[in-house]
Amino acid sequence: NAGVTQTPKFRVLKTGQSMTLLCAQDMNHEYMYWYRQDPGMGLRLIHYSVGEGTTAKGEVPDGYNVSRLKKQNFLLGLESAAPSQTSVYFCASSSEGPAGANVLTFGAGSRLTVL
Amino acid sequence: AQSVTQLGSHVSVSEGALVLLRCNYSSSVPPYLFWYVQYPNQGLQLLLKYTSAATLVKGINGFEAEFKKSETSFHLTKPSAHMSDAAEYFCEGNTPLVFGKGTRLSVIA
């Protein structure tokens with residue numbers, strides 16, 4: 001039972017490069033989320049999805065794009081990476097929506113460094 | 001929109017001592033509240049959740065939290081700290097998916 005799988009686990013980019021983080025879940029969850037974690041800032045929501053084909057902005061969406069073409073996958077893209085995007089990125093999924101008693105299942109994280 | 005505030009970015013306790021991690025929420029409606037734990041280099045795991053069924057909620061690893069509406073609090077406690085409890089703890093309110101900034105718990109032998 002894999003749960004939520006994030007790839008890659010580590011990545012180093014140069015400023016201006018692009019990349020995509022992949023999140024895959026095998027629990028048939030409708031809702032998926034991308035967070036970034038920075039020291040002293042806790043987790044901040046970047047984007048989320050309430051179902052296949054839908055996405056919505058979270059607290060810190062600038063500089064990121066997302067897509068949910070398949071229910072089990074949620075992609076986070078950086079079109080032109082900046083040093084401020086150096087962070088640990090977490091994907092999560094849930095069976096209930098943001099307004100419900102939704103328990104989040106998290107991936108192990110993807111550590112991104114932008115030089 | 002709801003917000004949660006965790007008081008204290010770092011808490012240090014002796015092994016065997018009481019653990020108290022504080023979380024206050026602001027909301028005009030009864031919230032759903034959660035505590036998650038993050039061990040080093042791992043994702044977050046659910047410790048416990050409050051969904052209005054009971055004000056005292058028991059979670060995994062001996063942790064519990066009490067919802068107090070009059071104090072808008074949802075503090076996390078454990079009677080006796082163990083070395084394995086050293087981790088970062090996050091309080092979360094789900095409207096809309098707001099996490100506190102986290103409290104790092106250190107346990108001293």
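Quick note: the coordinates plus some simple rules give every number you see, no bench work behind them. Fair warning: this is a prediction, and the values are worked out from it, not measured in the lab. All Cβ positions, glycine included, derive from the backbone under ideal geometry; neighbour counts span all protein chains shown.
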If I take every Cα pair under 8 Å that is 6 or more residues apart in chain A, average their sequence separation and divide by the length, what percent do I get for the relative contact order? 35
Using θ = phi - 60° and the Karplus curve 6.51 cos²θ - 1.76 cosθ + 1.60, what whole-Hz ³J(HN,Hα) does each residue of the stretch A:36-41 get, with Gly and Pro shown as x? 10, 10, 10, x, x, 10
Mean Cα-pair separation over length for the stretch B:63-109, i.e. relative contact order, pairs under 8 Å, 6 or more apart, %: 30
Can you report the principal axis dimensions of the protein assembly as shown using only the alpha carbons, biggest first, rounded to whole angstrom? 49, 38, 33
Report the relative contact order of chain B, percent, no decimals, based on alpha-carbon pairs under 8 angstrom and at least 6 residues apart. 40
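With charges set only on the Cβ (+1 for Lys and Arg, -1 for Asp and Glu), what does the dipole of chain A come to about its Cα centre, in debye to the nearest 20?
320
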At q = 0.12, 0.17, 0.21, 0.22 Å⁻¹, the log10 of I(q)/I(0) for chain B from a Debye sum over equal Cα scatterers comes to -0.36, -0.72, -1.09, -1.20
Working out 0.36 nm times the residue gap between B:Tyr39 and B:Asn61, then minus their Cα-Cα distance, what length gain in nm do you get to one decimal? 6.6 nm
Shielding of A:41-51 by partners, i.e. mean partner chain Cβ atoms within 10 Å per residue? 3
Based on the mean of other Cβ atoms within 10 Å per residue, sort peptides A:32-42, B:49-59 so the most packed one is first. A:32-42, B:49-59
